[in-house]
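Below is one structure, written out as structure tokens; comments come after it.
The values are calculated or read from the model by the stated rules, or taken from the named source; none is laboratory data. Note that the coordinates shown come from a computational prediction; the quantities given were computed from them, not determined experimentally. A quick note on method: Cβ atoms are made from the backbone with ideal geometry, for glycine too, and the neighbour counts reach across all protein chains shown. Each accessible area value is taken on the protein alone, full model and side chains, heavy atoms only, with ligands, DNA and RNA left out. Shrake-Rupley method; radii C 1.70, N 1.55, O 1.52, S 1.80 Å.
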Amino acid sequence: MPSLDLDAFVARTAALVDSSPPTTLRETRTWLVEPFLETLGWTVRAESCVTDRIVDDVRLEYVPTVDSVPGLFVATESATDSLEEPRANTLRRAMVWTGVDRAIYTNGRQYLLLAGTTDVEYHALERAELPANESIIADYSRAAVGQRLGRHTRGHVARRLAVERPRLVGSIAEGLADDTAQGELYADEFEAAADRFLDQLVVAFTEDGRTSPDDATDVSIQFSESTISEDESPSERAVDTDSSADTAPESETDGLNATGNADRSGTPARDGDSTRTTTDTETDDDKSRERESDEDGEYVVRFFNDRSSIGAIGHSTSAGALVEAADYLLEHGLAGVEVPWSSDEGERTVLNADPTRADGSPMDDPERLANGLVLETAGNVDERAARVEALAARAGLRAMLTGDWETE
């Protein structure tokens, strides 16, 4: 694979920023982001690069393709703005939904590189650090992505349907209206039906073209507590799936905090070694032993309202997916739930303010969520699946569980 000329890119952009720093999103894209993508071998001013597209509720400035198959998501902010935590989360969920397994989020000063689908490995780099991390960045190049997309799969169809979805929905709805007497009166219904149809197609083709285990790690990320700002330390937050060091030097600031995946030092947390607040009745060793019975796999949950999908989460274990789903739902309709809460009268307590059930007895394997509530995560795969569906229903949504939920 050809070497990337990152030293020259950094030198050119540093000189440009010193003489005339970009002040708008358009200038950032033209002066900093597009030259970076071109350094990676992408042609951004051609039909092979889709621009300014909404995919699964996330705005993407660039979607470079390989033989019409979307290979990379690129989201950008103005150089004068910080990278935003909610947008990073939405970008991650779009990767889960579409199967596009590489994404870059940048303001031209900082680069958040994401890899994977259900489990996402990530690196946060300052511009000056790019040359020293060429081996990481090369995985986002046209050559590397082209190799991964070299053999056609049904997953490629899912990627293209997801990116072209707005156009396809409009085209299908328009065709139905044209072929129906006074069809314009039913335009909203036609559009809703077309939206649901495209959802089903994306799901069907994504599942058959699932990301291979080699493209995933056993760590799932969810940003919390802090945004990615120009004040964060320039240390690389790289997921290390081969070691589990007990200690690491502290970074100067919280920087990029990925709950359940990286602590303040950037050391990745493993399943059962979460940075979430540990409750009084559990220890990391207890959680780790419990997770051993939950085999690594691919547990995906997609959420739907009455009309269409609104997002997705994924994790390598069913317990981790349950936690991710609960945190997602607390942001999408579940926040007003009264605790202690259980799905049905007489059933075990699912959510509470403390790691106890409604009768005062301790929960089994409680997990404190991002908003401070405690979730009961003990049980087998089927029990956790039922808990996900009950939480979604309480939030007024429907959950579709796919992947290894059905095979355990």
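Data table
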{"quantity": "The listed residue being under 22 Å from residue 301 (Cα atoms), within 10 Å of the chain's Cα centre (by Cα) and not polar (S, T, N, Q), out of 56, 101", "calculated": "101"}
{"quantity": "Residue among 321, 353 that is under 13 Å from the mean Cα position of the chain (by Cα) and over 17 Å from residue 90 (Cβ atoms)", "calculated": "321"}
{"quantity": "Per-region count, the range 332-352, residues open to solvent by 60 Å² or more (accessible area, probe 1.4 Å) and over 15 Å from residue 368 (Cα atoms)", "calculated": "8"}
{"quantity": "Residue 152 being within 17 Å of residue 64 (Cβ to Cβ) and either open to solvent by 10 Å² or more (accessible area, probe 1.4 Å) or among the charged types (D, E, K, R) (or both)", "calculated": "no"}
{"quantity": "Boolean, residue 365 is among the charged types (D, E, K, R), in contact with a Gly (Cβ under 7 Å, 6 or more places away or on another chain), under 26 Å from residue 119 (Cα atoms) and touching a residue at least 60 places away in the same chain (Cβ under 8 Å)", "calculated": "no"}
{"quantity": "Flag if residue 39 is surrounded by 18 or more Cβ atoms within 10 Å (Cβ to Cβ) and more than 20 Å from residue 130 (Cβ to Cβ)", "calculated": "no"}
{"quantity": "Matching entry among 308, 274 (being modelled with pLDDT under 85, open to solvent by less than 30 Å² (accessible area, probe 1.4 Å) and within 30 Å of residue 188 (Cβ to Cβ))", "calculated": "308"}
{"quantity": "Restricting the range 1-32 to residues that are farther than 13 Å from residue 127 by Cβ and surrounded by 15 or more Cβ atoms within 10 Å (Cβ to Cβ), the residue that is modelled with the lowest pLDDT", "calculated": "4"}
{"quantity": "Test for residue 115: is it open to solvent by 10 Å² or more (accessible area, probe 1.4 Å), in contact with a strand residue (DSSP E or B) (Cβ under 8 Å, 6 or more places away or on another chain) and not in a loop (DSSP other than H, G, I, E, B)", "calculated": "yes"}
{"quantity": "Some residue of the range 78-85 being more than 30 Å from residue 370 (Cβ to Cβ), open to solvent by 20 Å² or more (accessible area, probe 1.4 Å) and touching a residue at least 24 places away in the same chain (Cβ under 8 Å)", "calculated": "no"}
{"quantity": "Hey, residue 135 modelled with pLDDT under 95 and either among the hydroxyl-bearing types (Ser, Thr, Tyr) or on the phi > 0 side of the Ramachandran plot (or both) or not", "calculated": "yes"}
{"quantity": "Scope the range 133-164; condition among the small types (Gly, Ala, Ser), under 23 Å from the mean Cα position of the chain (by Cα) and more than 18 Å from residue 206 (Cα to Cα); matching residues", "calculated": "135, 138, 141, 144, 146"}
{"quantity": "Residue under evaluation residue 94, criteria (1) of a type in the set (Gly, Ala, Ser); (2) surrounded by fewer than 21 Cβ atoms within 10 Å (Cβ to Cβ); (3) within 19 Å of the chain's Cα centre (by Cα), criterion not met", "calculated": "(2)"}
{"quantity": "Residue in the range 54-62 that is of a type in the set (D, E, K, R) and on the phi > 0 side of the Ramachandran plot present", "calculated": "yes"}
{"quantity": "Some residue of the range 185-206 being assigned to a loop (DSSP other than H, G, I, E, B), modelled with pLDDT of 85 or more, open to solvent by 100 Å² or more (accessible area, probe 1.4 Å) and over 26 Å from residue 71 (Cβ atoms)", "calculated": "no"}
{"quantity": "Condition met for residue 326 (touching a Leu at 6+ places or on another chain (Cβ under 7 Å), modelled with pLDDT of 85 or more and under 28 Å from residue 120 (Cβ atoms))", "calculated": "yes"}
{"quantity": "When residues of the range 118-145 are limited to those that are in a helix (DSSP H, G or I) and of a type in the set (D, E, K, R), the one most open to solvent (accessible area, probe 1.4 Å)", "calculated": "142"}
{"quantity": "Meets criteria (modelled with pLDDT under 90, buried (at least 16 other Cβ atoms within 10 Å of the Cβ) and either within 15 Å of the chain's Cα centre (by Cα) or part of a helix (DSSP H, G or I) (or both)) for residue 167", "calculated": "no"}
{"quantity": "Every residue from the range 45-77 that is open to solvent by 10 Å² or more (accessible area, probe 1.4 Å), touching a residue at least 12 places away in the same chain (Cβ under 8 Å) and assigned to a loop (DSSP other than H, G, I, E, B)", "calculated": "48, 56, 57, 67, 68, 77"}
